[in-house]
Amino acid sequence: MQVFGVDIGGTGIKGAPVDIDEGTLAAPRIRVPTPQPSLPGAIAKTVADVVDHFGWTGPVGATFPAVLKDGIAKTAANVDPSWVDTDLAATLGAVLPGGVTVINDADAAGIAEMTFGAGRDVGGVVLMTTFGTGIGTALFLHGQLLANTEFGHLEIGGSAAEASASEAAREREDLSWEKWAKRVSRYLSALEALLWPDLIIIGGGASRKADRFLDRLEIRTKVVPAQLQNNAGIVGAALFAAGDQARPKAPARAPRRRPPATRPPGGRRP
Ligand code: BGC
């Protein structure tokens with residue numbers, strides 16, 4: 001079965017039809033620059049153009065780089081501030097007659113990695129991170145997503161981590177891989193101390209260059225690159241739209257605790 005996935009980012013909007021049984025793109029994706037200013041109407045038009053490019057009229061899953069509550073954007077760190085309290089689902093729904101489902105971009109990438117990629121069959125606490133224009137995070141316990149974590153905004157050295165450790169910051173400041181890896185290590189160590197994850201997956205634009213920095217990270221937790229790399233958002237958006245997030249592929253389960261033995265009144269076991 002195919003569902004269309006669109007990944008809306010602060011700098012680019014990418015889309016492709018997705019084979020949701022395989023977790024792969026059913027056609028090569030297209031990417032267009034995010035309109036600037038990234039106003040709701042302009043983004044909706046660009047998303048419609050991306051979907052139209054494929055002649056797609058069916059259901060669409062779309063990511064967005066913000067906290068989303070009931071389809072409404074609650075933050076706007078890397079998009080126009082007018083998005084705050086804008087109904088993203090309704091804005092996109094107006095131009096996508098086949099129906100649209102929306103989800104935070106990092107949450108979508110995490111769902112894709114937990115279903116088909118680096119987090120497949122991994123239980124315990126898994127932290128997905130995406131290093132791009134900002135830093136996105138998605139937290140899973142035994143395959144179950146805790147949506148809308150915003151750990152990219154954790155304050156490190158007096159400012160939000162994403163201001164200094166995102167992929168965009170590396171490019172903007174022309175940092176060496178070594179220097180950037182130091183910042184990422186500091187950030188991930190802070191998260192590690194708070195969450196004690198069993199696995200950290202590194203995704204986003206930076207995941208394509210994992211060989212340049214992964215070995216330089218100095219943290220205790222096992223770190224792996226995202227396997228779906230930069231397509232994780234598109235695939236996750238489509239999976240979420242298909243309702244697949246409710247049934248992740250056989251994640252490891254927490255061992256069931258036995259209920260405590262109950263004693264009959266009087267205190268003696270029968
Ligand atoms: C946003 C998150 C988003 C992340 C990655 C952050 O600035 O607050 O919602 O997931 O960027 O795009």
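Quick notes
- The one condition from (1) out of contact with any strand residue (DSSP E or B) (no Cβ under 9 Å at 6 or more places or on another chain); (2) among the acidic types (Asp, Glu); (3) buried (at least 23 other Cβ atoms within 10 Å of the Cβ) that residue 162 does not meet is (1).
- Annotation for the range 2-20: at least one member residue is of a type outside the set (Phe, Trp, Tyr), in a strand (DSSP E or B), over 19 Å from the mean Cα position of the chain (by Cα) and over 15 Å from residue 133 (Cβ atoms).
- Selection status of residue 235, in contact (Cβ under 8 Å) with a residue 40 or more places away in the chain and not in a helix (DSSP H, G or I): no
- Search result, residues across the range 130-164 that are charged (D, E, K, R) and near the ligand (Cβ under 8 Å from one of its atoms): 150, 162
Each row is one residue, and each column tells you yes or no for (1) in the same structural domain as residue 165 (by TED's automatic domain parsing); (2) among the acidic types (Asp, Glu); (3) more than 16 Å from the ligand (Cβ to nearest atom).
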{"site": "64", "(1), (2), (3)": "no, no, no"}
{"site": "73", "(1), (2), (3)": "no, no, no"}
{"site": "78", "(1), (2), (3)": "no, no, no"}
{"site": "87", "(1), (2), (3)": "no, yes, yes"}
{"site": "92", "(1), (2), (3)": "no, no, yes"}
{"site": "101", "(1), (2), (3)": "no, no, yes"}
{"site": "111", "(1), (2), (3)": "no, no, no"}
{"site": "128", "(1), (2), (3)": "yes, no, no"}
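- Each residue in the range 1-27 was checked for being within 16 Å of the ligand (Cβ to nearest atom) and free of Cβ contacts under 8 Å to residues at least 24 places away in the same chain, and 1 pass.
- Note on the range 21-37: residues that are touching an Asp or Glu at 6+ places or on another chain (Cβ under 8 Å), assigned to a loop (DSSP other than H, G, I, E, B) and within 17 Å of residue 60 (Cβ to Cβ) amount to 1.
- Strands (runs of 3 or more DSSP E) completely within the range 106-179 that count 1 or more residues being touching a Ser or Thr at 6+ places or on another chain (Cβ under 6 Å) and under 19 Å from residue 10 (Cα atoms): 125-131, 135-141
The values are calculated or read from the model by the stated rules, or taken from the named source; none is laboratory data. Keep in mind that this is a model prediction, so the values were computed, not measured. Quick reminder, even Gly has a Cβ in these numbers, built from the backbone with ideal geometry, and neighbours come from all protein chains shown.
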